[in-house]
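J.: So that we are looking at the same thing, I have put the structure below in structure tokens.
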Amino acid sequence: MEYLIAFVIGGLICVVGQLLLDVCKLTPAHVVVTFVVIGALLDSFGIYDQLIKFSGAGATVPITSFGHALLHGAMAEGKEHGYIGIAMGIFKLTSAGITSAILFGFIAALIFKPRG
Amino acid sequence: MGQLNNKTNYKKNIKPYQLKPNYLMNCIKAFLVGGFICLLGEALQNFYIRFFDFTEKTAGAPTQGTLIILSCLLTGIGVYDKIGQFAGAGSLIPVTGFANSITSAALEHKSEGIVLGIATNLFKLAGAVIVFGVVSAAVLGIIRLFIMNLLG
């Protein structure tokens, strides 16, 4: 059942992105940026946490969770250390994702040949 | 002809000649592919919870890491771009799309060298995501902290 929920919620988030692409004629970069900002907005009042609790990977895999995780880490440190904590904690939760993306993106670019 | 090439009405004049996107079909494709990637993520998450020492809260990081590795590999062998052509936002919105944009930008500029080509262009497309994510998170974080301090 949890797999079905993850599938449906993740799919629906992608449909919203597809509609932004087709109907609003936004470029892919604009759509992704919009989703990150929406994710950060939804972190307020714990809305996104509820969504993660409900749908698991359906909410953590889309890029909205990147914005959510940025703000979430920032707030956790901010509560302890005040305003300077926001700068300290902003990459705390997303560190693994960004590090692996840089590392493996670099390695893949070294190994593979460009095509097209 | 003069009317068709009129600059002010250009966008309106070319409209009948542009291909109309098939909204429903595109949405179904995006739903299926995006849903499938999230399904894969859910399976990975359960795998990490069961066989390694991760809790439900911390399992997100290795899951995203695994998906990113997969996406980098698929981009390298040229498969992810084909998925992207089929699925549109279905492969763009999941975290795999972020990894794909990093790898494809680096690959595209590989001929310019490792430092000036790969390393400089790594964040050519993904930079916007990080910049807007950090800016919006910092602004919202300051606002929320300010309100929390006001309320005591």
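J.: Among the residues of region A:80-116, how many are within 19 Å of B:LYS124 (Cβ to Cβ), exposed (fewer than 14 other Cβ atoms within 10 Å of the Cβ) and small (Gly, Ala, Ser)?
T.: Counting residues in region A:80-116 that are within 19 Å of B:LYS124 (Cβ to Cβ), exposed (fewer than 14 other Cβ atoms within 10 Å of the Cβ) and small (Gly, Ala, Ser) gives 1.
J.: Sticking with this structure for a sec: When you look at B:ILE142, is it of a type in the set (A, V, I, L, M, F, W, C), in a helix (DSSP H, G or I) and within 14 Å of the chain's Cα centre (by Cα), yes or no?
T.: No: the conditions fail for B:ILE142.
J.: Take A:VAL16 and tell me if it is in a helix (DSSP H, G or I), within 7 Å of another protein chain (Cβ to nearest Cβ) and modelled with pLDDT of 90 or more.
T.: Spelling it out, it is not the case that A:VAL16 is in a helix (DSSP H, G or I), within 7 Å of another protein chain (Cβ to nearest Cβ) and modelled with pLDDT of 90 or more.
J.: May I ask you to say which residue of B:ALA87, B:ALA61, B:ALA99, B:ALA43 is in contact with a helix residue (DSSP H, G or I) (Cβ under 6 Å, 6 or more places away or on another chain) and free of Cβ contacts under 8 Å to residues at least 12 places away in the same chain?
T.: Going through B:ALA87, B:ALA61, B:ALA99, B:ALA43 in turn, the sole match is B:ALA61.
J.: Right, another one. Hey, among the residues in region A:30-50 that are more than 7 Å from chain B (Cβ to nearest Cβ) and crowded, with 24+ Cβ neighbours inside 10 Å, which one's farthest from B:VAL139 (Cα to Cα)?
T.: It comes out as A:TYR48.
J.: Any idea how many residues of region B:107-152 are more than 8 Å from chain A (Cβ to nearest Cβ), under 23 Å from B:GLY78 (Cα atoms) and surrounded by 13 or more Cβ atoms within 10 Å (Cβ to Cβ)?
T.: Of the residues in region B:107-152, 7 are more than 8 Å from chain A (Cβ to nearest Cβ), under 23 Å from B:GLY78 (Cα atoms) and surrounded by 13 or more Cβ atoms within 10 Å (Cβ to Cβ).
J.: Now a separate question. Out of all the residues in region B:78-112, which are within 17 Å of A:GLY97 (Cα to Cα) and either modelled with pLDDT under 90 or among the aromatic types (Phe, Trp, Tyr) (or both)?
T.: B:PHE98
J.: Residue check, A:CYS24 against (1) surrounded by fewer than 16 Cβ atoms within 10 Å (Cβ to Cβ); (2) within 13 Å of the chain's Cα centre (by Cα); (3) at pLDDT below 90, all met but one. Which one?
T.: Going through (1) surrounded by fewer than 16 Cβ atoms within 10 Å (Cβ to Cβ); (2) within 13 Å of the chain's Cα centre (by Cα); (3) at pLDDT below 90 one by one, A:CYS24 breaks only (2).
J.: Among the listed residues B:THR66, B:THR75, identify the single one that is of a type outside the set (A, V, I, L, M, F, W, C), at pLDDT 90 or above and closer than 25 Å to B:PHE132 by Cβ.
T.: After applying the criteria, what remains is B:THR75.
J.: Output yes when any residue across region B:24-33 is assigned by TED's automatic domain parsing to the domain that holds B:ILE93, of a type outside the set (A, V, I, L, M), under 23 Å from A:LEU70 (Cα atoms) and modelled with pLDDT of 90 or more, and no when none is.
T.: Scanning region B:24-33 turns up no residue that is assigned by TED's automatic domain parsing to the domain that holds B:ILE93, of a type outside the set (A, V, I, L, M), under 23 Å from A:LEU70 (Cα atoms) and modelled with pLDDT of 90 or more.
The values are calculated or read from the model by the stated rules, or taken from the named source; none is laboratory data. These numbers were taken from a predicted model, which means no experiment stands behind them. Don't worry about glycine lacking a Cβ; one is built from the backbone with ideal geometry, like all the others, and counts go over all protein chains shown.
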